[in-house]
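Here, each number is a calculation from the coordinates, and none is a lab measurement. In this text the structure is predicted, and so the values were computed from the model without any measurement. Here the Cβ is made from the backbone with ideal geometry for all residues, glycine too, and neighbour counts use every protein chain on show.
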Amino acid sequence: MSAVVVGADGKARCGWAGMAASAEYERYHDLEWGRPVSGERDLFERLSLEAFQSGLSWLTILRKREAFRAAFCNFEAARVAAFGPADVERLMGDSGIVRNLAKITATIQNARAVLALPEGTTLPDIVQSYRPASPRTTAEIPSSTPESTALAKDLKARGFRFVGPTTAYAMMQAIGLVNDHMVGCWVYDVLAGAPDA
């Protein structure tokens, strides 16, 4: 895959954004992927969606995102943490989302883990404390880093599930903790603060 591709609009983007010739991928790349996320609800949503994506195409998750939001109460941790067996059954029957029991129960457990964090500790604080260095080429982009491995270990120790090093790194990329946009991609310049961007 090429590091950058030029779209029909003349903008150079990371190669994966043009991979499926999908408007959803392009929109996600341009407006969301790699942009800073700091709110607990938004971070909980990203962590949850990254876990649901494991083993699937990200495009599948993007296309089901609104259904996920509806099914999981807009990822409000307190509401999801209160889910019980009837909610799990409802979710397993919801064709709008990925119906995977392990991922559904992990999302509920992760909401409970968010609520169980010690006073003064937030999910954004924990995630931000594991900021890795940013790669510059496609070949340099890892699937996990020592920082994502440490973050996954920390989250698991706090009761989170379905958060391995690869999922943790994918979330780090998605929330802008690391700028994995390629040099030459127009978004890289914006996030790097280039004066002409």
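Listing for the model above:
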item	result
Among (1) closer than 16 Å to Glu50 by Cα; (2) in a helix (DSSP H, G or I); (3) small (Gly, Ala, Ser), the one test that Ser143 misses	(2)
Count of the range 147-197 residues which are farther than 20 Å from Phe52 by Cβ and assigned to a helix (DSSP H, G or I)	13
Filter result (touching a helix residue (DSSP H, G or I) at 6+ places or on another chain (Cβ under 6 Å) and in contact (Cβ under 8 Å) with a residue 40 or more places away in the chain) within the range 35-53	Val37, Ser38, Glu40, Leu43, Phe44, Arg46, Leu47, Ser48, Glu50, Ala51, Phe52, Gln53
In the range 24-46, the residues that are within 26 Å of Gly193 (Cα to Cα) and in a helix (DSSP H, G or I)	Glu24, Tyr25, Glu26, Arg27, Tyr28, His29, Asp30, Leu31, Glu40, Asp42, Leu43, Arg46
Among residues of the range 149-179, those that are out of contact with any helix residue (DSSP H, G or I) (no Cβ under 9 Å at 6 or more places or on another chain) and over 16 Å from Gln109 (Cα atoms), counted	1
Scan of the range 95-108 for residues that are surrounded by fewer than 17 Cβ atoms within 10 Å (Cβ to Cβ) and not hydroxyl-bearing (Ser, Thr, Tyr), ordered by number	Gly96, Arg99, Leu101, Ala102
When residues of the range 31-57 are limited to those that are farther than 26 Å from Ser129 by Cα and of a type outside the set (Ser, Thr, Tyr), the one surrounded by the most Cβ atoms within 10 Å (Cβ to Cβ)	Leu56
Residue check, Leu91 under 16 Å from the mean Cα position of the chain (by Cα), among the hydrophobic types (A, V, I, L, M, F, W, C) and assigned to a helix (DSSP H, G or I)	no
